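Structure first, then comments.
The values are calculated or read from the model by the stated rules, or taken from the named source; none is laboratory data. As the structure is a computational prediction, the values presented were derived from the model and not from experiment. Because the Cβ atoms are built from the backbone with ideal geometry, glycine has one as well, and the counts that use them run over all protein chains shown. Surface accessibility is based on the protein's heavy atoms, side chains included, excluding ligands, DNA and RNA. Shrake-Rupley method; radii C 1.70, N 1.55, O 1.52, S 1.80 Å.
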Amino acid sequence: MDLLKDPANDRHVKTLQAPPHRPLIKSLMFPDKLKNKPDWKLLKDHLQKEGRVSKEDLFKLVGDCNKLLKNEGNVIYLQDPLTVVGDIHGQYYDLLKLIEAKVGGNPETTKYLFLGDFVDRGSYSIEVLILLYSIKLNYPNTVYFLRGNHECRQLTAFFNFKDECLYKYDQETYDMLMDSFDLFPLACIINSKFIAIHGGISPDLKSLEDIKKLDRYHEPPRSGLFCDLLWSDPVDQDQGNMDGQWKGNEVRGCSWFFGNEAASKFLQKNNLISIIRAHEAQIDGYKMHRWHGGKDFPVVITIFSAPNYCDVYNNKGAVIKFENNTLNIQQFQYTPHPYLLPNFMDIFTWSIPFVAEKVTEMLYNLLQVGDQVDEEEVNEEDIKQFKELTQQNKQFEKQTSTGSNTAKNTEKLKKKIIFVANMIKMQKTLREQSESIIQLKGACPDKRLPRGVLTAGKSAIMDALADFNLARKADIVNEKMPTVPQTQQQQSISINKTTNSTKSNTKKK
């Protein structure tokens with residue numbers, strides 16, 4: 001597609017390529033040579049340049065992919081070689097790095113399993129979905145998706161995916177994508193020895209048959225097996241010890257923490273050796289939960305594939321690569337991406353608080369009563385003219401106004417000054433506490449700020465946020481990063497299928 005032109009040659013950042021000025025046309029997106037399948041390589045480059053896809057073509061793409069997703073079971077079965085991917089969270093430019101041959105592998109020749117959380121947090125969730133749906137349509141037998149806890153209506157409305165859909169498309173597009181998420185499978189068995197899920201196991205999970213019996217074609221519930229598969233977490237303890245097998249997950253606000261006892265019992269009963277899951281940010285991109293000791297195979301492996309999560313954590317991303325009964329962890333660094341203003345604001349909306357603050361400052365200074373004037377800038381002629389104007393004003397007031405009217409006028413002027421002063425304070429609060437205000441607005445049920453918080457300032461905003469902290473608990477664990485040693489490591493683990501014994505080699509990278 002043609003890029004935006006620069007006839008005046010006044011583009012400020014000439015090193016940054018201009019985006020395409022029109023959506024990718026249908027004949028290029030679905031060329032005849034591919035028998036109505038999307039040209040995923042062309043789409044990859046088009047989206048990388050910040051190009052768009054028309055709503056009609058997006059609906060066709062998702063509709064075609066839905067037919068594949070709906071026919072897959074709740075539990076899918078895969079054999080290596082296989083690349084397992086954790087959370088992506090709308091980081092499209094990191095996804096491009098991930099599918100390179102030297103990281104996860106070229107999708108043309110690599111089997112992929114994605115563990116969910118494709119959307120939210122990042123600003124390019126729609127681009128992530130378009131590319132992955134396109135790849136799946138081209139390679140339906142080698143690319144598979146599992147559902148994450150963010151593939152639901154509740155979290156996408158609370159975080160930013162719904163806003164992204166409304167900004168780039170509309171409500172109908174958002175609803176269509178939510179319906180598509182309802183079709184995602186829930187679990188995968190790898191090499192008959194590993195169970196891969198987004199979150200973790202459940203007190204209601206006794207065997208794989210329990211997952212197969214679930215009705216997955218709807219919004220995840222707030223409790224039960226369906227919920228736990230997407231939400232539960234391994235306990236953060238070196239030996240996996242805890243009081244009892246299960247503990248309420250107060251960090252998430254739903255589901256459970258599980259430890260060594262519950263995990264080992266489930267694995268042994270189902271003849272499995274490890275749980276592979278995503279769901280938690282890791283500074284190295286992965287974590288081995290070696291609850292049986294350093295020499296034994298990890299009971300749980302957490303994989304996280306969104307490097308420099310939220311553009312602030314400076315963590316690595318990682319994928320798991322299964323090949324010839326060997327499990328390798330491949331790490332990768334983040335890729336810079338185009339900058340977008342918070343919450344997809346345009347430059348005018350973003351600048352209004354700054355402009356309004358300056359305007360109110362000007363009004364305040366104009367209405368200011370007092371002698372706050374620089375004496376060096378006042379000469380004798382100015383003083384003489386001021387005195388004459390003052391005398392004329394007094395004579396005019398005596399002729400046209402009574403004392404009570406003058407007092408009323410003075411009171412009105414004071415009220416105007418107070419009003420403008422409050423405006424300045426509110427605009428200053430809007431500018432300095434913009435991020436906290438956005439969080440508070442998202443936490444409020446009706447999307448309106450509590451009355452009086454802007455004039456009260458920062459402390460009132462912080463107090464109001466504390467009152468709404470329950471809504472944020474659902475995802476707060478992703479903001480807690482574990483402490484790790486400075487030395488980065490590469491894990492390579494060999495698996496003996498017959499004895500379930502393992503040998504682990506740790507190599508410094």
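Side notes on the structure shown:
- Reported count of residues in the stretch 274-307, each being open to solvent by less than 20 Å² (accessible area, probe 1.4 Å) and either of a type in the set (A, V, I, L, M) or farther than 18 Å from V84 by Cα (or both), is 10.
- Residue match in the stretch 231-254 (condition: within 23 Å of V62 (Cβ to Cβ) and touching a Pro at 6+ places or on another chain (Cβ under 7 Å)): no
- Pick from the stretch 295-322, criterion modelled with pLDDT under 95 and touching a strand residue (DSSP E or B) at 6+ places or on another chain (Cβ under 8 Å), ranking: farthest from N271 (Cα to Cα): K295
- Subset of the stretch 309-362 [of a type in the set (F, W, Y) and without any contact (Cβ under 8 Å) to a residue 24 or more places away in the chain]: Y339, F348, W350
- Residues in the stretch 277-300 that are within 23 Å of R121 (Cα to Cα) and part of a strand (DSSP E or B): R277, Y286, K287.
- When the helices (runs of 4 or more DSSP H) confined to the stretch 84-161 are screened for residues that are open to solvent by less than 10 Å² (accessible area, probe 1.4 Å) and touching a Leu at 6+ places or on another chain (Cβ under 6 Å), those reaching at least 3 such residues are found at 125-138.
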